[in-house]
Each structure stands twice: as structure tokens, then as C-alpha cells.
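K.L.:
Let me begin by handing over the structure; questions about it come next.
The values are calculated or read from the model by the stated rules, or taken from the named source; none is laboratory data. Keep in mind it's a predicted model, so treat the numbers as computed, not measured. Cβ coordinates were reconstructed from backbone atoms using ideal geometry, including for glycine residues, and neighbour counts include every protein chain displayed. These area figures cover heavy atoms from the full protein model, side chains too; ligands, DNA and RNA do not enter into them. Shrake-Rupley method; radii C 1.70, N 1.55, O 1.52, S 1.80 Å.
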Amino acid sequence: MALTIEARDRATKARAGSLRTAHGDVRTPAFVPLATKATVRGLLPAEVKALGYDMVLGNTFHLMLNPGADLIERLGGLHGFMGWDGPIVTDSGGFQVFSMGHGTVADEIKSRPSRVRNGESVAPEGAILSIEEQGVCFRSYVDGSERLLAPEDSMAAQASLHSDIALVFDECTPFHVDRAYTERSTERTHRWLTRCLDWHAEHGPAGQLVYGIVQGGVYRDMRRASARVVAASGCDGIAIGGSLGAEKAQMYEVVGYTVAELCGEHERLPRHLLGIGDVDDLIRGVELGIDTFDCAMPTRLGRHGTALVDDPKNRWRVDLTKSVWRDSEQPLMEGCACQACATGLSRAYLSYLMRSSELTGMRLLTEHNLAFLARLMADLRGAILDGQFSEMAATLRGE
Ligand SMILES: [Zn+2]
């Protein structure tokens, strides 16, 4: 088993542990910053590590299109290519490819060049062409070519990337599809799970862990059945994906009854919650028994001028691009060790940098937001180990 559980909270399902990978241990519960395109945008690997992060997440879909998984393999795998020697988890590409078809375009894809610039056609739009049992046919947003992404292709790409944790290829069902669609899709995702695990058993790199993905939308019976299928599949860990509902209360309910299926004999399988990273969701997720989380939110917010601060009433956020900060001498936050806070830079200066689209501002706020979440998760972990989890959760929520 990859996960060693070191302590459990008495009142909730929260647990603290250590996840062993081929490139070192991940202290859990943990937030995993996105290194979508082989970089935590704006930061160096050493800076990410210094913030206290053990693991980052690379994006198979983007990396297989550009620069290509084969090239990355020749240049030392993702670790050697990007100069990060710690654990790396890669997603399967399913989320990105299905986002193109389901209309909920992933924020990463928004960064593709627009079709027409200065009257000239630039790169073609990515588009999903068909979803078949074999896999998904799509048009590459990089060069317009038609590509097939089958479960085996995703696993092969993740093998070439040499990630420590690979995620199986699944269909990420959006919120607006009906029960019948979700049912057909979830069953196909289970068949793809078997194909991914079969491919990995034969060709996967030694030491690479494989996480199965629980789907089933917001339907309790389907989620529970999916959790049982994935847990019994022989995978090394469980990721919870797809639509978790329209609002937070529903998301917590879905995660709660999904995790309930993963207790008992499967309790030592590590649990990852895909794409969730709001501060209140991280606290609640830990309470519900989640070990790791990933999300574009903290780094994306930082690049757009919003900083995470100790302000639960305002969703722990302050928008520094607002004119109210134009002449504020107030530092960003007390008790933060990031470079912006440690040097006491004023909100006025940070606001000016962001309104001027200065790279330094994006870098400073990205670092600050990741410092904030690293501290949050370390506080939660420490509290579980010390038997003070409920008190810590209440403090962090400002109760
Ligand atoms: Zn800071």
C-alpha cells in the first residue's frame, strides 16, 4: 500500500498520512499545485519546493500535443524535462478532451491562440469529433490535426512522462447531462478503467502508481456503485471526478457518500479530489477523508490579481486590482513568509503591478497564494497529528 495513515481525527473522517511514491513521500492531506504545461506558471521548481509542496500535477493532454510525450521521455521524463525531482501526478487528458465537447471549456484551453488575429487565421480551435468505445476523436488545438485518444494512448503518454502517479482515462461528465447519459458514460468509464489497468500491467513503468477515477455524476446509487467498482479494480488509489453538483452542499454530500464506500477494506487506498481548491472546500474535503487535492484556482487567481487572505467572509479573497487599494500602505497579510509579505510590500504596490500587467506581480501573487494553501494544509495536517483538528478547522473558518 502506498499510503501510511499516521493519525485519524476522532470526530470526522480526517486523516494524516504519508503517500510513498518513486520520487519521495507526499505528506497528506496535501494540496497539489498545477504544473499544467510542465511548469508551475511563473515559479521555479525550487521555489515551489521551498513553499512546502511535495508533489505537482502535470497535464497529459497539453503535454502530449506540445511538445509531445516522446520528446519529454527522451529528455529525462517530466522530472528531468522540468527540473522537478519530487513526486509528479499526471492526469489522463480526459478532463481536457471532454471539456471541448461538453461546452464547459477548461480554463487551460482558453489560453490557446484565438482563431483570427489581425485578420489572419491563427491556430484552429480544438474540438471533440466523436466519443466511441475505442476512445475519443478530437481536433488538436495546436495544429488542427485529427487525433484519437484511447485509454491505452493516455496510459502510454503517462508512461513516457514517467509520472509517479498516473490517472486512468475517464469521461468527465458535466453537470448538464441527464441520468441516462451519466449511466452509459460511467459504465464506459469502468470498461476504460479495465483497459488502462491491463495496459499498465503489461507496459507501465516500474513504480508508477495508477489511480482509478470514480464517476457517476450527482446520482448516489451510481456514485456508490462506481466507488465499489474502482476500489475493487486493483488500482493503487482513488480519484473522485466529474460533476459534483451545482452547489457546495451537494458537492459535500456526493463526496461524503462516495468516501463512505471507500472505508472498510479499501480505507488505505489514497483518495484524491479532482479540481477542487477553494479554502472552505479544502477544509471540508479533509473532514470528509480526502488525502490530496488539485486545482487551478490559487495560481490562476494570483495571475489575475486576487490574493488569498484570512478573510472567510469574503471567501478568503482580496481583489488587488480594485481601485480601493490604489494608495493602500497595508501589507498583503501578516504571518505569511512569501516574498511579498516577508518584505512588507504594500497593497498599493501589488495593485499597481497587477493593473500594469507586470510579470513580477503575477509571480508574487502566485507565490503568495501557494504559500497560503501550503500553510493551510500544514495546519490541518499538524492538527490531525496533535488531536486538535476540530479546533483548527473552526479557527481557520473564523468561528
Ligand atoms: Zn504572502
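K.L.:
Quick check on my filter: what residues within segment 336-364 are closer than 21 Å to Val279 by Cβ and either more than 9 Å from the ligand (Cβ to nearest atom) or within 19 Å of the chain's Cα centre (by Cα) (or both)?
P.N.:
Within segment 336-364, Arg347, Leu350, Met354, Met362 qualify.
K.L.:
If you don't mind, there's one more thing I want to ask. Any idea which of (1) within 18 Å of Gly285 (Cβ to Cβ); (2) of a type in the set (S, T, N, Q); (3) away from the ligand (no atom under 15 Å from the Cβ) is the one Asn369 doesn't satisfy?
P.N.:
(3)
K.L.:
Go through the residues of segment 282-294 one by one and say whether even a single one is of a type in the set (S, T, N, Q) and within 16 Å of the ligand (Cβ to nearest atom).
P.N.:
no
K.L.:
Considering only segment 195-207, I want to know if a residue exists there that is of a type in the set (A, V, I, L, M), under 24 Å from Ile131 (Cβ atoms) and touching a Cys at 6+ places or on another chain (Cβ under 7 Å).
P.N.:
yes
K.L.:
So is Val318 aliphatic (A, V, I, L, M), open to solvent by 10 Å² or more (accessible area, probe 1.4 Å) and within 14 Å of the ligand (Cβ to nearest atom) or not?
P.N.:
Answer is yes for this residue.
K.L.:
Considering only segment 334-352, how many residues are under 17 Å from Tyr53 (Cα atoms), outside any helix (DSSP H, G or I) and open to solvent by 10 Å² or more (accessible area, probe 1.4 Å)?
P.N.:
So the answer is 2.
K.L.:
If you check Gly344, Gly305, which single one turns out to be modelled with pLDDT of 95 or more and closer than 17 Å to Glu358 by Cα? Break it down into steps so the answer makes sense when it comes.
P.N.:
Numbers: Gly344 fails: closer than 17 Å to Glu358 by Cα.
From the options Gly344, Gly305, the qualifying one is Gly305.
K.L.:
Right, something else. So, of the residues in segment 380-392 that are touching a residue at least 12 places away in the same chain (Cβ under 8 Å) and more than 16 Å from Asp291 (Cβ to Cβ), which turns out to be farthest from the ligand (Cβ to nearest atom)?
P.N.:
Gly387
K.L.:
Somewhere in segment 353-373, is a residue open to solvent by 20 Å² or more (accessible area, probe 1.4 Å) and modelled with pLDDT under 95?
P.N.:
No: zero hits.
K.L.:
Quick one: would you say Leu376 is away from the ligand (no atom under 16 Å from the Cβ), assigned to a helix (DSSP H, G or I) and open to solvent by less than 20 Å² (accessible area, probe 1.4 Å)?
P.N.:
no
K.L.:
Give the residues of segment 133-172 that are open to solvent by less than 40 Å² (accessible area, probe 1.4 Å), more than 22 Å from Gly76 (Cβ to Cβ) and of a type in the set (A, V, I, L, M, F, W, C), sorted by residue number.
P.N.:
Val136, Cys137, Phe138, Leu149, Ala150, Val168, Phe169, Cys172
K.L.:
Further question on the same structure: Could you tell me how many of the residues in segment 322-333 are crowded, with 18+ Cβ neighbours inside 10 Å and either more than 14 Å from the ligand (Cβ to nearest atom) or farther than 13 Å from Ala348 by Cβ (or both)?
P.N.:
Selection size over segment 322-333: 2.
K.L.:
Six or more apart or on different chains, Cβ atoms under 7 Å: show the pairs whose first residue is in segment 127-144 and of a type in the set (D, E, K, R) and whose second is open to solvent by 80 Å² or more (accessible area, probe 1.4 Å).
P.N.:
Listed pairs, sorted by first residue: Arg139/Glu146.
K.L.:
On to the next question. Report whether or not Leu148 is modelled with pLDDT of 90 or more and assigned to a strand (DSSP E or B).
P.N.:
yes
K.L.:
In addition: Among Phe95, Phe81, which is the only one that is open to solvent by 60 Å² or more (accessible area, probe 1.4 Å), at pLDDT below 95 and not small (Gly, Ala, Ser)?
P.N.:
Of the residues listed, the single one that is open to solvent by 60 Å² or more (accessible area, probe 1.4 Å), at pLDDT below 95 and not small (Gly, Ala, Ser) is Phe95.
So that you can scan it fast, the table gives a plain yes or no per residue for (1) out of contact with any Gly (no Cβ under 6 Å at 6 or more places or on another chain); (2) open to solvent by less than 20 Å² (accessible area, probe 1.4 Å):
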residue: Arg228; (1), (2): yes, no
residue: Ala231; (1), (2): yes, yes
residue: Gly237; (1), (2): yes, yes
residue: Val259; (1), (2): no, yes
residue: Asp278; (1), (2): yes, no
residue: Ile283; (1), (2): yes, yes
residue: Met297; (1), (2): no, yes
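K.L.:
Let me ask something additional. Can you tell me which residues in segment 74-86 are touching a His at 6+ places or on another chain (Cβ under 7 Å) and in a helix (DSSP H, G or I)?
P.N.:
Gly77, Leu78, His79
K.L.:
Moving on. Restricting attention to segment 172-208, report how many residues are among the hydrophobic types (A, V, I, L, M, F, W, C), in contact with a helix residue (DSSP H, G or I) (Cβ under 8 Å, 6 or more places away or on another chain) and at pLDDT 95 or above.
P.N.:
Count: 4.
K.L.:
Could you run through segment 189-211 and say how many residues are open to solvent by less than 40 Å² (accessible area, probe 1.4 Å) and of a type outside the set (A, V, I, L, M, F, W, C)?
P.N.:
Within segment 189-211, residues that are open to solvent by less than 40 Å² (accessible area, probe 1.4 Å) and of a type outside the set (A, V, I, L, M, F, W, C) number 7.
K.L.:
Tell me, which residue of segment 299-315 that is within 20 Å of Glu334 (Cβ to Cβ) and more than 14 Å from the ligand (Cβ to nearest atom) is surrounded by the fewest Cβ atoms within 10 Å (Cβ to Cβ)?
P.N.:
Across segment 299-315, the extreme among qualifying residues is Lys313.
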